[in-house]
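Everything on this sheet refers to the single structure shown next.
Only the coordinates and a few stated rules stand behind these numbers; no lab work does. The structure presented is a predicted model; accordingly, all values stated were derived computationally and were not measured. For neighbour counting, all protein chains shown are included, and Cβ atoms are generated from backbone atoms with ideal geometry for every residue, glycine included.
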Amino acid sequence: MHRALALFAILALGPAYGQQVNLRLPTENRGLLTGDLAGFYMPTDLNNKPPESGAWGFVRNVREFPEGRVYTRFHEGLDIRPMHRDARGLPTDMVKAIATGTVVYANDSASRSNYGKYVVVRHDWGYGPFYSLYAHLATTTVKAGQPILAGDPLGRLGSTGAGLNNARAHVHLELNIMLSERFNDYLGAANPHGNHNGLNLSGFNLAEFYLLLQKNPRASLAKYLHSQPQHYRIMVPRKGAGTLPIVERYPWLRFGNHDLPSKSWEIACTRSGFLVGIAPSNREVSKPTVTYVRPTKLNHRYYTLNRLTGTGSTASLTASGERFVRLITDNF
Ligand SMILES: [Zn+2]
């Protein structure tokens, strides 16, 4: 186990690849870059909650235990405040593409998703397909298949979706990888959003990457993603000679030689389940098995979106964790 850990650490220092990633913010709100977080983030409660409740990460649903406190609910995006409102108080900000790409999905039905009306744009920087997602729009102004330039409008900022009102109108912004290209097969039924369902899109801390680009416009996305802290690793039996579909899509996930035979794959994940790397292993496992977990004070389920359970340095997959592994390995 320690050798595998070292392998991940060494390879993370390997050469960067892919194109330079240029990102702009989706509205005129630049508070993230000027340090005005209260002006940038829309909190979950305008009276009670700090701006950080609108940030990416484990920022919600704090639970107190004798051993300490833990934020158990994960927010997979940035909630960005509007800058302009009309005489009736409705936001007038246009939400714009953060980078050049192609619109792959526009959901025009506010009631069909917790995201409300939302748009997904695919970007190709030589790192595999990335998907920016813009949610809670009042209107969408684009159609799937439409090529888009950075800064092109996608719709107007609004408050569509579950549990929002006009006072808390914001754009929820994500940048994601796609977990499976057969998401309907995984569900066992078609869903209205197809592969662009939020459950099939896995995002990282885009605010942190914006700040990194502000410091170094040539920062490598793959290097940034490799630097995400590993929280746990899962070993799954290898089926067949080829690599996993997700590694074919995202070559920066590939650690070690995937062309040689091996008995299993070891998959490294962050706390939120973002994939950091996948390496072949000759250890034999009969089913998905947790091979490493970062020790924490409380049950692992509070830290891992209920995918792992157990305490200290031992953990096993919950039913939800097993479903997650099936999704990322296209095993269904
Ligand atoms: Zn949000």
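Tabulated data for the structure shown
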quantity	calculated
Relative exposure of 83, 42, judged by other C-beta atoms within 10 Å (fewest first)	83, 42
Compactness relative to 2.2 N^0.38 Å, alpha carbon Rg of the range 231-312	1.13
About the Cα centre, charge dipole magnitude for the range 31-215 (Lys/Arg +1, Asp/Glu -1 at Cβ), debye	360 debye
In the range 58-104, GluC sites (Glu not before Pro) in a DSSP loop with at most 15 other beta-carbon atoms within 10 Å	67
√(5λ) per eigenvalue of the Cα gyration tensor, the range 31-215, largest first, Å	25, 21, 18
Angle in degrees between helix 2-11 and the longest Cα principal axis of the chain, rounded to the nearest 10	50 degrees
Mean ellipticity per residue at 222 nm, deg cm²/dmol - from DSSP H runs of n ≥ 4 across the chain, formula -39500 (n - 2.57)	-4000 deg cm²/dmol
Lysines with Cα under 24 Å of residue 287, excluding same-chain neighbours fewer than 8 positions away	239, 263
Cβ charges +1 (Lys, Arg) and -1 (Asp, Glu), total dipole of the chain, debye	480 debye
Between 0 and 90°, nearest 10: helix 319-328 axis offset from the chain longest Cα axis	90 degrees
Cα centroid separation, the range 230-273 to the range 288-331 (Å)	16 Å
Choice from 107, 205, 48 with maximal GNM fluctuation in the chain (Cα, 10 Å cutoff)	48
Ratio of the Cα radius of gyration of the chain to 2.2 N^0.38 Å, where N counts its residues	1.00
